[in-house]
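Only one structure is covered here, and it is reproduced in the block below.
The values are calculated or read from the model by the stated rules, or taken from the named source; none is laboratory data. Bear in mind that the values here come from a model prediction, so they are computed numbers and not experimental data. We place every Cβ from the backbone using ideal geometry, glycine too, and count neighbours over all the protein chains shown.
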């Protein structure tokens, strides 16, 4: 029932929830940028990075070929004025919010889709993620120091930032019923 927009919809919904949590620090925002050297590191913000997609083991075992079942792995980083403890304030607020709201509800998903359409001027196309029977759950991931080191070293020249990882799953992607064949040009 879901389509190729489902992964972007999960990210947009997570971004919407985190924006509400970031309100504890004046002027804080939520971004979805790749970690990089940034002159705005002192600007309070939460950054959401989708760094890995993995097969969802339980759904894969059911051998349901009509759907791809995946888990999305996010790294949330927290930035701001360290002397005012803004990264820690943002982290605490986000952890509390995601503990209170660990499931992406249909209402939240539809709210995020509507906001994304408004911002991007897109048509009324929907991911249909709100109709998925199994809701997408947000679960904290315990990363070891070695895991964190490997993850951060993969972000070329990005300075370490206070961070936490979450898994969002299961996201079920249905196969496309209609395929657009590529245009073949003959010489």
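Select from region 122-151 the residues that are assigned to a helix (DSSP H, G or I) and either within 20 Å of residue 172 (Cβ to Cβ) or at pLDDT below 85 (or both) and list them in ascending order.
Restricting attention to region 122-151, the residues satisfying the condition of being assigned to a helix (DSSP H, G or I) are 129-131, 145-151.
Hits for region 122-151 are 129, 130, 131, 148, 149, 150, 151.
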Worksheet item: Across region 85-119, what is the number of residues that are under 23 Å from residue 44 (Cβ atoms) and in a loop (DSSP other than H, G, I, E, B)?
Response: 2
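Collect the residues in region 111-121 that are modelled with pLDDT of 60 or more, out of contact with any helix residue (DSSP H, G or I) (no Cβ under 7 Å at 6 or more places or on another chain) and either surrounded by 10 or more Cβ atoms within 10 Å (Cβ to Cβ) or closer than 13 Å to residue 15 by Cβ (or both), keeping them in residue-number order. Steps first, please.
Of the residues in region 111-121, the ones modelled with pLDDT of 60 or more are 111-118.
Going one step further and asking which of them are out of contact with any helix residue (DSSP H, G or I) (no Cβ under 7 Å at 6 or more places or on another chain), we end up with 114, 117-118.
Selection gives 114, 117.
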